Every structure is written in structure tokens, then in C-alpha cells.
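The values are calculated or read from the model by the stated rules, or taken from the named source; none is laboratory data. What you see is a predicted model, and the numbers here were worked out from it, not measured in a lab. So basically every Cβ, Gly included, is an ideal-geometry build from the backbone, and we count neighbours across all protein chains shown. Heavy atoms of the whole protein, side chains included, go into the accessibility calculation; ligands, DNA and RNA do not. Shrake-Rupley method; radii C 1.70, N 1.55, O 1.52, S 1.80 Å.
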Amino acid sequence: RLQNALHSLLAIKPNVPEAEVLTGIKISNERDLAKAAEILYGDGVRNVFISLGARGVHVYDGTDHETIPCMPGPIVNTTGCGDAFISASGYALLCGMTARKAARFGLVASSLCAQTALAVNPAMTPPRILSILKQNAN
């Protein structure tokens with residue numbers, strides 16, 4: 001059902017198997033990953049984030065491709081990490097960040113989510129995420 005709505009999406013974050021279904025191609029390597037992202041972009045999705053699990057996220061917004069690794073940190077629970085990523089990266093996009101900056105913003109939110117057994121880490125706030133990004137930029 002999503003296939004007919006891709007053109008109206010600001011962003012999408014499928015994992016590799018979901019991206020394979022949406023694009024009709026088998027993703028076996030980086031070239032396949034880039035092609036899948038380009039297909040989703042060509043279908044109208046403005047910001048493509050393909051989740052690579054523990055490897056991070058592949059980002060494409062019609063310009064260059066980039067795979068951004070996960071933020072290091074303790075992992076207590078991974079439930080909700082994908083939700084934290086897409087909600088935080090969507091927020092970042094709506095605030096005017098580029099896809100790459102939004103992906104990094106989302107990866108920090110995902111990392112904060114993983115650090116607690118709570119469904120939502122109370123430390124997961126935009127100022128805290130920006131502070132972590134600033135610390136890791138150096």
C-alpha cells in the first residue's frame with residue numbers, strides 16, 4: 001500500500017529487507033544499497049534513510065550517498081530505537097537540517113533510546129541531542 005504514496009513522503013526509513021520489497025531489487029552490496037536509495041528517491045521520497053541495523057544508516061537526498069555509523073554508547077534495550085531515529089530525523093528535517101545532519105541527529109536520538117530500559121529516555125531532547133552532536137564534531 002505504501003508504494004502509491006511514496007511521492008508524498010518527506011522521508012522514509014526502511015531496513016534492507018523492506019527496501020528490497022519497495023524497490024524490487026536484492027541488496028547484496030553498497031552498489032545495490034545506493035541503487036535502492038535512488039529508486040526510492042526517484043519514486044518521490046525526498047530523504048531516504050535505509051537502516052543498516054548496528055552498521056548505521058545509508059542516507060540519500062538526491063545528491064551524494066553516505067553511510068553514517070551508529071553512535072557508540074551503552075546498549076540496554078533496542079526497542080524503539082528505529083522510532084526514535086525517524087521521529088528525531090523528521091524533526092531535524094522540518095527544522096531545516098540537511099538529510100545528513102538529520103541522520104546524525106536521529107542516530108543520537110536512537111543511541112539515547114538504547115541507553116535506558118524506559119520506552120522513552122527523558123534525556124532525549126533536542127538540546128541534549130545537539131549538545132552530543134557538538135561534542136562529537138570535535
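Summary table below
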| read-out | value |
| --- | --- |
| Residues satisfying the stated conditions in segment 39-64, i.e. small (Gly, Ala, Ser) and either under 15 Å from the mean Cα position of the chain (by Cα) or open to solvent by less than 40 Å² (accessible area, probe 1.4 Å) (or both) | Gly44, Ser51, Gly53, Ala54, Gly56, Gly62 |
| Answer from Ala88, Ala114, Ala103 - the residue that is touching a Cys at 6+ places or on another chain (Cβ under 7 Å) and touching a residue at least 40 places away in the same chain (Cβ under 8 Å) | Ala114 |
| Condition broken by Ala36, with the remaining ones in (1) touching a helix residue (DSSP H, G or I) at 6+ places or on another chain (Cβ under 7 Å); (2) open to solvent by 30 Å² or more (accessible area, probe 1.4 Å); (3) farther than 22 Å from Cys113 by Cβ satisfied | (2) |
| Matching residues in segment 83-121 - criterion: being in contact with a Ser or Thr (Cβ under 8 Å, 6 or more places away or on another chain) and surrounded by fewer than 17 Cβ atoms within 10 Å (Cβ to Cβ) | Ala119 |
| Count - residues of segment 40-57 that are over 22 Å from Thr78 (Cβ atoms) and out of contact with any strand residue (DSSP E or B) (no Cβ under 9 Å at 6 or more places or on another chain) | 3 |
| Unique match (being aliphatic (A, V, I, L, M) and out of contact with any helix residue (DSSP H, G or I) (no Cβ under 9 Å at 6 or more places or on another chain)) among Ala92, Ala102, Ala54 | Ala54 |
| Odd one out for Val76 among (1) open to solvent by less than 30 Å² (accessible area, probe 1.4 Å); (2) not in a strand (DSSP E or B) | (1) |
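To keep it simple, each residue is scored yes or no on (1) of a type outside the set (D, E, K, R); (2) in contact with a Pro (Cβ under 7 Å, 6 or more places away or on another chain); (3) at pLDDT below 90.
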residue: Pro74; (1), (2), (3): yes, no, yes
residue: Thr78; (1), (2), (3): yes, no, yes
residue: Asp83; (1), (2), (3): no, no, no
residue: Leu94; (1), (2), (3): yes, no, no
residue: Thr98; (1), (2), (3): yes, no, no
residue: Ala102; (1), (2), (3): yes, no, no
residue: Ser110; (1), (2), (3): yes, no, no
residue: Ala117; (1), (2), (3): yes, no, no
residue: Pro127; (1), (2), (3): yes, no, no
